[in-house]
1. State all residues of segment 376-399 that are surrounded by 11 or more Cβ atoms within 10 Å (Cβ to Cβ) and farther than 30 Å from G145 by Cβ; if no residue qualifies, say none.
2. Looking only at helices (runs of 4 or more DSSP H) that fall completely inside segment 400-480, which ones have 2 or more residues that are surrounded by 11 or more Cβ atoms within 10 Å (Cβ to Cβ) and in contact with a His (Cβ under 8 Å, 6 or more places away or on another chain)?
3. All but one of (1) more than 17 Å from P71 (Cβ to Cβ); (2) of a type in the set (D, E, K, R); (3) under 27 Å from the mean Cα position of the chain (by Cα) hold for K31, so report the exception by its number.
4. How many residues are of a type outside the set (G, A, S) and closer than 13 Å to G145 by Cβ if we restrict to segment 349-375?
5. Output yes when any residue across segment 29-52 is part of a strand (DSSP E or B), surrounded by 13 or more Cβ atoms within 10 Å (Cβ to Cβ) and aromatic (F, W, Y), and no when none is.
6. Show me the helices (runs of 4 or more DSSP H) entirely contained within segment 182-248 in which 3 or more residues are of a type in the set (A, V, I, L, M) and more than 21 Å from Y147 (Cα to Cα).
7. Output yes when any residue across segment 326-341 is at pLDDT 95 or above and not acidic (D, E), and no when none is.
8. Tell me yes or no: at least one residue of segment 126-139 is surrounded by 24 or more Cβ atoms within 10 Å (Cβ to Cβ) and touching a Phe, Trp or Tyr at 6+ places or on another chain (Cβ under 6 Å).
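The values are calculated or read from the model by the stated rules, or taken from the named source; none is laboratory data. Since the structure is predicted, the reported quantities are computational estimates derived from the model, not experimental observations. FYI the Cβ positions are ideal-geometry reconstructions off the backbone, even for glycines, and counts take in every protein chain you see.
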Amino acid sequence: MTEPSPTPPLQPIVPAYHVRILSDEQLAQFKSATLEILEETGIHCPSEKAREIYASHGAKVNQETQIVRIPPDVVLKSMSSAPRFYTMGARSLEHDIHLDGKALYCATDGCGVETIDFVTRQRRTSCKEDIAKMARVSDYLPSVGFYWPIVSAQDHPTVAPLHELDASWNNTVKHVQTETVMDEKMAEYSVEMATVIAGNKDDLRKRPPLSSLICTIAPLAQDRDGMEAALVLAREGIPVGFMSMANTGSTGPVTIAGLLAAADAEIVAALVLLQMAYPGTPVYHSMMPGIMNPRTGAYMSTAWEIDIAYAIGVELAHMWGVPTLAAVFGPDAQSPGWQSAGEVGSGLLLNALCGAETGSGMGLLESCTVLYPEELILASDIYHRVRITAGGLDTSRTAMALDVIKEIGPRGNFLRHRHTRDHMRRLRFSELTFQAASNGDFRDPVQLAREKVDWILYNHHPQPLDNQQRTELEQILASAEKKFGTI
């Protein structure tokens, strides 16, 4: 049996300085816009259960059209109970994520549908084993704070979301966030699985090892099954967030401000529902709109004008008093390389400096649909560049080297000084751009990233679940497959 290896400590981005994009006046304008949209235009809510909750808490519900309009005072009262800070637990206590506003933790991307095979390098449909392998890679990388099942388990189509959770928890000690548990019964099974990981219901609430992301439907609509799943998870204290992926000029206004206003209304309406049903349940806000390609109509996640929208999403979340899941990766590139990883660096830095608590999108290309395993290594390299930049500068006397400068003096040489030896060892260099081949030439970073994936899979084996936990998860999966059937 392979001996487990320790999971390295997390290295979140801890900004030493911050920026503001919107003024207080502009934030007030956005809040007023969201309140106006929710009161006058409303949202489409196809869930009868959700409509009943809205109606019983003061919203105006048209049962025939399924349009829900929420008065401003109801919105504000409901949102006042949402917690600003909470913990997302992990299998390992040392890898818990404390959303206290001090650091940014990033996750992989999720829901990809194709994989570039680890061995053959051929494109194929994604499967459960891909999720397991990338969970192990993510477990090893300090840049990955928590894990989204990076692709879909299409070899288990009827209960794929549960197999995705099973593959994740069996291969990482870190927190797991699902974005595919999208109906009530599937949510019940996922709660059972999360309880097995947590140990009991009390610890599930204190340190939930699972959180969930539910997408709204732009413009101004909700998914029935998604909302009913959210209610099940919120009942158990599992953090639930809502994401809008409105697209300029198609599913949202063409102006960035209009796009954000409509998207914010979608998100807030869903957050309000959970606070109505279970006041104080942990929730988060996720703004991930896109720019429509004017030639094809496609969703573009890394167009030039979108970085500021993602960062403003962070400020809107905090305006409503909740944490955020920011868009920090997810490039549109068709193949891995420094452009695919590097083009998201400015957005990651801006989100970090605006105070984002969590972010997602590492590891997929082609607008978050295809897994290139090496892309996660490239993205991790950019992550650390941003982490160091955001960390600020040590200006202590030792760091200023004033005494050393005096000692060496004009036209001296610092190479042999002890200060140089001590501090040179503290410098951090990229593993991908700092390696030379035997002939002295620098090696291809993409090839080095591929080799790094292979090395991790061969050498890193996270602490496994105990036998009882594995057995219980297998029993839950068997029960779910019996319920939903297998193909």
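1. Scanning segment 376-399 gives a single hit, T398.
2. Filter on segment 400-480 gives 402-408.
3. (1)
4. So the answer is 3.
5. So the first thing to find is which residues in segment 29-52 are part of a strand (DSSP E or B), and the list is 43-44.
Within this subset, residues satisfying the condition of being surrounded by 13 or more Cβ atoms within 10 Å (Cβ to Cβ) are 43-44.
Now drop any that are not aromatic (F, W, Y), which leaves none.
Looking through segment 29-52, none of the residues is part of a strand (DSSP E or B), surrounded by 13 or more Cβ atoms within 10 Å (Cβ to Cβ) and aromatic (F, W, Y).
6. Hits in segment 182-248: 224-235.
7. The answer is yes; a qualifying residue exists.
8. Yes, because at least one residue in segment 126-139 is surrounded by 24 or more Cβ atoms within 10 Å (Cβ to Cβ) and touching a Phe, Trp or Tyr at 6+ places or on another chain (Cβ under 6 Å).
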